[in-house]
Each structure stands twice: as structure tokens, then as C-alpha cells.
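In what follows, a single structure is set out as C-alpha cells and then discussed.
The values are calculated or read from the model by the stated rules, or taken from the named source; none is laboratory data. This one's a predicted model, so the numbers in the text were calculated from it and none came from an experiment. Glycine gets a Cβ as well: all are built from the backbone with ideal geometry, and neighbour counts include every protein chain shown. With ligands, DNA and RNA removed, areas are computed over all heavy atoms of the protein, side chains included. Shrake-Rupley method; radii C 1.70, N 1.55, O 1.52, S 1.80 Å.
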Amino acid sequence: MARATKKSAKGGAKARDAIALLKADHREVMDLFDKFEKAKGGDRKAALAEKICQELMIHTMIEEEIFYPSLRGQAEDDMLDEAHVEHDGAKVLISEILAGGPDDPFYEAKVTVLREEIKHHVKEEEQRGGLFAQAKSADIDLKQLGEQMMRRKQELKSQFESGEMSPPETRTFHGGELSRGKPFDSPQLAA
Ligand SMILES: [Fe+2]
Ligand SMILES: [Fe+2]
């Protein structure tokens with residue numbers, strides 16, 4: 001028997017429920033981090049890092065705009081609050097990575113630390129009792145939510161492709177003062 005596959009209006013991607021869509025995003029970005037780690041050459045690394053940042057910006061936006069609000073009131077507040085703060089922490093690294101390049105000091109370290117942060121965040125979303133599990137037992141139409149997120153994802157992708165994407169926007173960080181210095185242990189940076 002042929003399995004019916006629904007196509008979205010744009011892009012032809014298979015319709016998925018919210019959890020399947022978000023999990024697929026997680027797998028995809030972890031795979032890109034693996035590729036970054038193995039990549040040789042600055043151009044390849046820069047292209048992969050940019051792709052990682054783009055995927056994460058879109059993923060965090062669809063979660064923040066659509067998924068997390070649908071869970072508020074039905075999932076643990078602490079868990080949702082922490083997820084928001086973790087996203088904002090990642091956005092700081094994302095904007096650093098996008099502003100730099102493979103020849104910059106600490107570039108690789110920034111991508112590696114972003115990977116570790118995302119790995120932790122994904123585990124918290126997907127683990128037993130995590131946000132995804134809570135979403136499954138909540139009174140939410142995950143299929144409809146998946147369709148909504150897929151549409152928003154396509155829209156954001158086209159904004160990226162046409163160069164109209166704004167920088168990542170933090171939602172829980174409100175600009176506490178920071179001054180910028182240099183590490184004391186990097187003589188090449190001291191000049
Ligand atoms: Fe996620
Ligand atoms: Fe998330």
C-alpha cells in the first residue's frame with residue numbers, strides 16, 4: 001500500500017508533527033557540527049558555520065514564536081524559562097561567529113562551545129520529562145502546530161536567501177553592561 005505523504009504548500013517537504021519537525025532540525029544541526037569538526041580549509045569551515053548559525057536562528061525563532069507559547073501554561077514554567085535563556089546564550093555565540101571568520105582567534109572554540117550548548121539544550125528538550133514529552137501529553141494539536149512551524153520556517157528561509165534576515169534577537173537578555181577586553185594569556189592579541 002502506497003503511503004500517503006502530504007506536501008507543504010511551499011518547498012515540497014513532508015508534513016510532520018511539531019515534535020518530529022523539531023527533532024529533525026536537531027539532528028540536522030548536530031550533523032552540521034560534525035561536518036564542521038571534520039572539515040579542512042577555512043572556506044569550507046566558514047560555509048558550514050554560517051549554515052549552522054542560519055539553521056539555529058530559524059529553529060530558535062520557530063520555537064520561540066510558535067512552540068514555546070503553545071506550551072506555556074501546559075508545561076513547567078521553569079523548563080520553558082530555561083529554554084529561552086539557553087537560546088539567548090546561544091544567540092550571543094551565533095552573532096560572534098557570524099561576525100568573525102576561521103582566521104580569527106577563538107573562532108573554532110566558539111563553534112565548539114556553541115555545539116556543546118546546543119547538545120545540552122537538545123538533550124533537555126528531548127529527554128524523558130523534557131519539553132517535548134510534556135508537549136506530547138498536553139492538550140495541543142501537534143500536527144497543526146507542525147504545519148504552522150513548517151510554514152514559518154519556509155518564510156524565514158526565504159528571508160535568509162534574499163539577505164533580509166535580521167541579526168539574532170534575544171528575548172530574555174536585555175543588554176546588561178559588558179565591556180570588551182582581551183585574554184591575558186594570548187600574547188598575539190596583546191598588541
Ligand atoms: Fe529545539
Ligand atoms: Fe530550543
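Data table
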| quantity | calculated |
| --- | --- |
| Search result, residues across segment 143-190 that are at pLDDT 95 or above, charged (D, E, K, R) and part of a helix (DSSP H, G or I) | 143, 147, 151, 152, 153, 155, 157 |
| Residues that are open to solvent by 50 Å² or more (accessible area, probe 1.4 Å) and more than 24 Å from residue 34 (Cα to Cα), drawn from segment 92-150 | 128, 136, 137, 139, 141, 143, 144, 147, 148 |
| Exclusive hit being of a type in the set (D, E, K, R) and under 21 Å from residue 23 (Cβ atoms), set 169, 125, 177, 161 | 125 |
| Close pairs from segment 43-57: first of a type in the set (Ser, Thr, Tyr), partner open to solvent by less than 30 Å² (accessible area, probe 1.4 Å) and at pLDDT 95 or above, Cβ under 9 Å, at least 6 apart | none |
| Selection within segment 171-182 - surrounded by 10 or more Cβ atoms within 10 Å (Cβ to Cβ) and free of Cβ contacts under 8 Å to residues at least 40 places away in the same chain | 182 |
| Members of segment 151-170 that are within 16 Å of ligand 2 (Cβ to nearest atom) and open to solvent by 90 Å² or more (accessible area, probe 1.4 Å) | 169 |
| Residue, nearest to ligand 1 (Cβ to nearest atom), within segment 90-106, restricted to residues that are free of Cβ contacts under 8 Å to residues at least 40 places away in the same chain and in contact with a helix residue (DSSP H, G or I) (Cβ under 6 Å, 6 or more places away or on another chain) | 90 |
| Total residues in segment 107-130, condition within 13 Å of ligand 1 (Cβ to nearest atom) and among the acidic types (Asp, Glu) | 4 |
| Search result, residues across segment 73-91 that are within 12 Å of ligand 2 (Cβ to nearest atom) and open to solvent by less than 60 Å² (accessible area, probe 1.4 Å) | 79, 80, 83, 84, 86, 87, 88, 89, 90, 91 |
| Flag for residue 55 being within 10 Å of the chain's Cα centre (by Cα), more than 21 Å from residue 142 (Cβ to Cβ), open to solvent by less than 40 Å² (accessible area, probe 1.4 Å) and at pLDDT 95 or above | yes |
| Qualifying residue in segment 50-73 (condition: of a type in the set (Val, Ile, Thr) and assigned to a loop (DSSP other than H, G, I, E, B)) | no |
